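Undergrad: Following this message is one structure expressed as C-alpha cells.
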Amino acid sequence: AQAQTLKVGIVNMQDVLQGYYKSKQAQVDLNQRRDDIKKDLDVRRTKLRDLTREVEDLQKLIRDESTTAEFRRLKVQELENKASEGRALQRDLEQLAKQKERQLMLELERTFRGIRDEVKVVVDEISKKDGYDLVFDKSAVGMGGSNFLLFSKDAVDFTPAILTSLNKDAPADFKNAPPATAPAAPAKAEEE
C-alpha cells in the first residue's frame, strides 16, 4: 500500500482577525460607543457632584447659628430632599454603568463571533480549493488551545491569502489601517 501524503497548512488566526478590516471597523465602532457612554456617565456624574455641593452648602447653612430656627427647619427639609435625590441618582448611575458595560460586552462578543464565523468560511474555502488535508491555527501554540501546531517546517502559512480574500471589499479607510487590537472586555465604568 502506498502512503498517502497529507497537505498541511497553518493560519495565524490572531493576525487574520487583527488584519481583517471588519475587525478594525468593529474596534473603531466599539471605541466610539465607549466614548459616548463615558460622556453620558460623565454628565450624570457632574450632576451628582453638583448635587453633593448643594447638600454641603445646605449643611453649612443649617449649622449657621445666625439664621432663624424656621429658616434652618426649611433648609433641613431641603437637605433631606437633596440627599434623597443624590442617593437615587448615585444608585441610578451605578446601575446604568453596569447595564451599559454588559451591553457593550454582549455587543463585542456578538460582533467578533460573526467576524470569526466569516473568517472560518474563508479558511474552509481556501483549504478546500488548495487541497489542504489539515490546517492548524499557528497562534494557538502555547496558549492552551486545542489546535496546537507541533511542527510546521513543511506547512504552508496561508494567512496572507485569507486576509487578501477577507479584505477584498474593504473600504479605502481600512486598506492601510494598522491591525485591530485583540478584542478586549470593556473597561469597567469609573466609580466616584
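The values are calculated or read from the model by the stated rules, or taken from the named source; none is laboratory data. Note that the coordinates shown come from a computational prediction; the quantities given were computed from them, not determined experimentally. Because the Cβ atoms are built from the backbone with ideal geometry, glycine has one as well, and the counts that use them run over all protein chains shown. Heavy atoms of the whole protein, side chains included, go into the accessibility calculation; ligands, DNA and RNA do not. Shrake-Rupley method; radii C 1.70, N 1.55, O 1.52, S 1.80 Å.
Undergrad: What accessible area per residue comes out for segment 76-120, rounded to a whole number of Å², with a 1.4 Å probe?
TA: Dividing the accessible area of segment 76-120 by its residue count gives 67 Å².
Undergrad: Go through segment 32-42 residue by residue and turn each phi into a ³J(HN,Hα) via Karplus (6.51, -1.76, 1.60, θ = phi - 60°); whole Hz please, and just put x for glycine and proline.
TA: 5, 4, 4, 4, 4, 5, 4, 4, 4, 5, 5
Undergrad: Between Arg113 and Glu125, how many nm apart are label points set 7 Å from Cα along the C-beta direction?
TA: So the two model labels end up 2.3 nm from each other.
Undergrad: At Thr5 and Leu61, where each label point lies 7 Å from the Cα along Cα→Cβ, what is the point-to-point distance in nanometres?
TA: Distance between the two pseudo-spin positions: 9.0 nm.
Undergrad: Taking amide H positions as placed 1.01 Å from N in the peptide plane, with prolines and chain starts having none, which residues 5 or more places from Ile10, or on another chain, fall under 5 Å of its amide H?
TA: Excluding prolines and chain starts, which carry no amide H, the hits are Phe136, Val156, Asp157, Phe158.
Undergrad: Using every Cα-Cα pair within segment 1-65, state what percent have a distance larger than 17 Å.
TA: In whole percent, the long-distance tail amounts to 71.
Undergrad: Note down the nm distance, to one decimal, between modelled labels 7 Å out along Cα→Cβ at Asp50 and at Arg34.
TA: The modelled label-to-label distance comes out at 2.8 nm.
Undergrad: Of Lys60/Lys98; Lys47/Lys175; Lys39/Lys175; Lys38/Lys168; Lys129/Lys175, which sit over 32 Å apart, Cα to Cα?
TA: Beyond 32 Å between Cα atoms: Lys60/Lys98; Lys47/Lys175; Lys38/Lys168.
Undergrad: Right, next: Got a sec to turn the phi values of segment 111-121 into Karplus ³J(HN,Hα) couplings, 6.51 cos²θ - 1.76 cosθ + 1.60 with θ = phi - 60°, whole Hz, x for Gly and Pro?
TA: Per-residue couplings from phi come out as 5, 6, 5, x, 5, 4, 5, 4, 4, 4, 4 Hz.
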